[in-house]
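Working notes for the structure below.
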Amino acid sequence: MDPGEAAILESSLRSVYRLFAPLPSLPSALPGGMNVIDHVRDMAAAGLHSNVRLLSSLLLTMSNNNPELFSPSQKYQLLVYHADSLFHDKEYRNAVSKYTMALQQKKALSKTSKVRPSTGNSASTPQSQCLPSEIEVKYKMAECYTMLKQDKDAIAILDGIPSRQRTPKINMMLANLYKKAGQERPSVTSYKEVLRQCPLALDAILGLLSLSVKGAEVASMTMNVIQTVPNLDWLSVWIKAYAFVHTGDNSRAINTICSLEKKSLLRDNVDLLGSLADLYFRAGDNKNSVLKFEQAQMLDPYLIKGMDVYGYLLAREGRLEDVENLGCRLFNISDQHAEPWVVSGCHSFYSKRYSRALYLGAKAIQLNSNSVQALLLKGAALRNMGRVQEAIIHFREAIRLAPCRLDCYEGLIECYLTSNSIREAMVMANNVYKTLGANAQTLTLLATVCLEDPVTQEKAKTLLDKALTQRPDYIKAVVKKAELLSREQKYEDGIALLRNALANQSDCVLHRILGDFLVAVNEYQEAMDQYSIALSLDPNDQKSLEGMQKMEKEESPTDATQEEDVDDMEGSGEEGDLEGSDSEAAQWADQEQWFGMQ
């Protein structure tokens, strides 16, 4: 080799040495300078994930081609940082693969009593001070598995961490995974461990309450922090309120949260307002529910939580333009949450586009498998498309996730009634009545099933009377009682019932049914007014439109009299009387079809 080639080779070797060895000419915060692994670590800490991914990929390839290039501890670090960058890019399967390789490398490293140093690395920091935590790697693997819907694998990897080494976030994830898998006892244990370490972990408190742990027991776990930390006197009342929520005692939950919300320090809290809105919805008070959702929206224009229920309520009221605007606004905030998809699905469902509603509901479930409103939307769409058995599966899952929500049971019972499974519907309605108690909603639900069987008509009447005694303005009870009165042709009683219900509220269905009853007693002009009011509330209400169109086609009694007078003048009075009688008989016959309510 000539002197020139020797000089070039020496220069190249020095360049490689500078890359992997400390650079004494540059000042560094780390003892002895920085090597390439230190640079990768610093970039990862700085959030430069794309840069970490590129560099770590190149360095891992170099290590594979030359195993002597990096020490086992350095390769472990490279694998972890590379996996973290993949996780950030949402490449979860690839990240799991690299995390697994990293753990295998760490296992081999632990077996060696002496770490083999790489060239020029004698001055680097001790590995015990810079190695990524093995427990943190396992937590990241569990996160990947949850994103891949592989909950069993996530539980398995976290279960492998000794109890004493589990951090609060590991216990929290385990608790949620156990709860989702229906393993209540280990879930309760994990939530309690979170509270032992972090007594103000409010979501863990809600988790315990949802698993039927008594409110007093949960409150006792936070007593020390309440007594020692100032301005936490509200916490015990907060726990009491949500204990009522999870036992289905909506009335006491509403009163307790209202007492909290009225306190000056907690006034206008968006989370409390959202909880109030949801509780009013569960209690069947849709008017107050909408008001609270609107109040919460004004305080936080970027609010997403609970907006699926809000959109559903707007759609039920026929405010489809508002629903569409709400859906667009939510999509602008985030399309990675279930709520915008559910709101758009509600718009499609109430526009009778059931296939699109089904797709949007499925998309929402894909984003959040615990979204009760998404399950209800998809179930309702399947039911209306005639796929009742598939709908039943979705309503049952909704009941599992929200056993205190009556609308979940209503959807399932409606499926049973659609498939003429009255016995199953009766069993379910009785169970709901016993489980959630005798309130206006459960009484009405049981009466709805009783109305389907001629043998239990009287029982239905008794149940509806009890429901209306408790809540005279409960719309579903009023509708069912009107249906019963229609069957019995007690139209005057029905009119009185509906007028009383409409005295303090305005509802499309009630105005339409009142119009039907007024037609039955020949009050045509007022019936037309009621149909008009119903359509002003919900322009898409097909039954109100049909009632109005039918009235426009029918002759009023005044017109019929005028035609008889004309016929008398033409010398055909007797024929005119006969024709008038036929017309009146036909009119009464047609009315028989107007009073059926679904």
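The values are calculated or read from the model by the stated rules, or taken from the named source; none is laboratory data. Since this is a predicted model, take the numbers as computed values, not measurements. In this analysis, Cβ positions are derived from the backbone assuming ideal geometry, glycine residues included, and neighbour counts consider all displayed protein chains. Protein only, heavy atoms only, side chains kept; ligands, DNA and RNA dropped before computing areas. Shrake-Rupley method; radii C 1.70, N 1.55, O 1.52, S 1.80 Å.
Structure summary
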| item | result |
| --- | --- |
| Percent accessible area from carbon and sulfur atoms, segment 385-446, protein chains only, probe 1.4 Å | 52 |
| For segment 264-271, Karplus couplings with θ = phi - 60° (6.51, -1.76, 1.60), whole Hz, Gly/Pro x | 4, 6, 10, 5, 6, 7, 5, 5 |
| Those lysines that a straight Cα-Cα span of less than 27 Å connects to Lys262, excepting residues fewer than 8 apart in one chain | Lys214, Lys240, Lys287, Lys292, Lys305 |
| Fully extended contour minus Cα-Cα distance, from Ala362 to Arg164, at 0.36 nm per residue | 67.3 nm |
| Calculated FRET value between Thr189 and Ser536, using beta carbons and R₀ = 41 Å, to 0.05 | 0.15 |
| Highest average packing first - 138-150, 181-193, Cβ atoms within 10 Å | 138-150, 181-193 |
| Accessible surface of His88 - all protein chains present, 1.4 Å probe, nearest 10 Å² | 110 |
| Shape of segment 428-495, Cα gyration tensor, a/c cut at 1.5 | oblate |
| From phi via Karplus (6.51, -1.76, 1.60), per-residue ³J(HN,Hα) for segment 145-156 in Hz, x at Gly/Pro | 5, 5, 5, 8, 6, 10, 5, 4, 5, 5, 4, 4 |
| Approximate spin-label separation Ala503-Lys262, in nm, with each point projected 7 Å along Cα-to-Cβ | 2.6 |
| Where segment 433-523 is the region considered: accessible area per residue in Å², 1.4 Å probe | 43 |
| Per-peptide average of other Cβ atoms within 10 Å, ordering 496-503, 394-401 highest first | 394-401, 496-503 |
| Hypothetical label at Glu217: residues of segment 156-195 whose amide nitrogen lies under 14 Å (7 Å Cα-Cβ projection) | 184-193 |
| Net length gained if the chain between Arg252 and Asp300 were fully extended (0.36 nm per residue, minus Cα distance) | 14.6 nm |
| Cα-centred dipole magnitude for segment 249-339, charges only on beta-carbon of K, R (+1) and D, E (-1), debye, nearest 20 | 400 |
| Net charge dipole size for segment 465-532 [Lys, Arg +1 and Asp, Glu -1 on Cβ; Debye, nearest 20] | 340 |
| Candidate residues Tyr409, Tyr531: accessible-area rank, largest first, probe 1.4 Å | Tyr409, Tyr531 |
| Exposure ranking of Val225, Val342 by accessible area [1.4 Å probe, largest first] | Val225, Val342 |
| Set of lysines near Lys490 by C-alpha distance (under 24 Å), chain-local residues within fewer than 8 positions excluded | Lys459, Lys461, Lys466, Lys476, Lys480, Lys481, Lys543, Lys550 |
| Accessible area (Å², per residue) of segment 353-429, counting only protein heavy atoms and a probe of 1.4 Å | 43 |
